[in-house]
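Working notes for the structure below.
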Amino acid sequence: MVAHTSSQTTPWTLVEANDKRYARIKVLKTYCEALEKVLD
C-alpha cells in the first residue's frame, strides 16, 4: 500500500517505534526536515 500511494510530492514516512516519546520526536524531526526543504 505504501509503495502504491507514496510519491515525490506526498511521501510516506514509516515510524518504527514502540515508544510514544520516540515516535513523536521522529515525526517532529521528519516534519521539520520536510519544511526546511520547502523553504529553501
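The values are calculated or read from the model by the stated rules, or taken from the named source; none is laboratory data. Note that the coordinates shown come from a computational prediction; the quantities given were computed from them, not determined experimentally. All Cβ positions, even for glycine, are placed from backbone atoms using ideal geometry, and neighbour counts span all protein chains on display.
Out of (1) among the hydrophobic types (A, V, I, L, M, F, W, C); (2) modelled with pLDDT under 90; (3) surrounded by 10 or more Cβ atoms within 10 Å (Cβ to Cβ), what's the single condition that is false for Met1?
If we test Met1 against (1) among the hydrophobic types (A, V, I, L, M, F, W, C); (2) modelled with pLDDT under 90; (3) surrounded by 10 or more Cβ atoms within 10 Å (Cβ to Cβ), just (3) comes out false.
Could you give me the residue pairs with C-beta distances under 8 Å whose first residue belongs to segment 2-18 and is without any contact (Cβ under 8 Å) to a residue 24 or more places away in the chain and of a type in the set (S, T, N, Q), whose second residue is in a loop (DSSP other than H, G, I, E, B) and surrounded by 10 or more Cβ atoms within 10 Å (Cβ to Cβ) wherever it lies, and which are 6+ apart or on separate chains?
Listed by first residue and then by second, the contacts come to Thr5/Trp12; Ser6/Trp12.
For segment 16-33, give me each residue that is modelled with pLDDT under 90 and surrounded by 10 or more Cβ atoms within 10 Å (Cβ to Cβ). Working first, answer last.
So in segment 16-33, the residues modelled with pLDDT under 90 come out as 16-17.
Across segment 16-33, the qualifying residue is only Ala17.
Working only within segment 12-32, note down all residues that are among the aliphatic types (A, V, I, L, M) and either over 15 Å from Val2 (Cβ atoms) or in contact with a Phe, Trp or Tyr (Cβ under 8 Å, 6 or more places away or on another chain) (or both).
At the first step, the residues of segment 12-32 found to be among the aliphatic types (A, V, I, L, M) are 14-15, 17, 23, 25, 27-28.
Listed by number, the residues that qualify are Ala17, Ala23, Ile25, Val27, Leu28.
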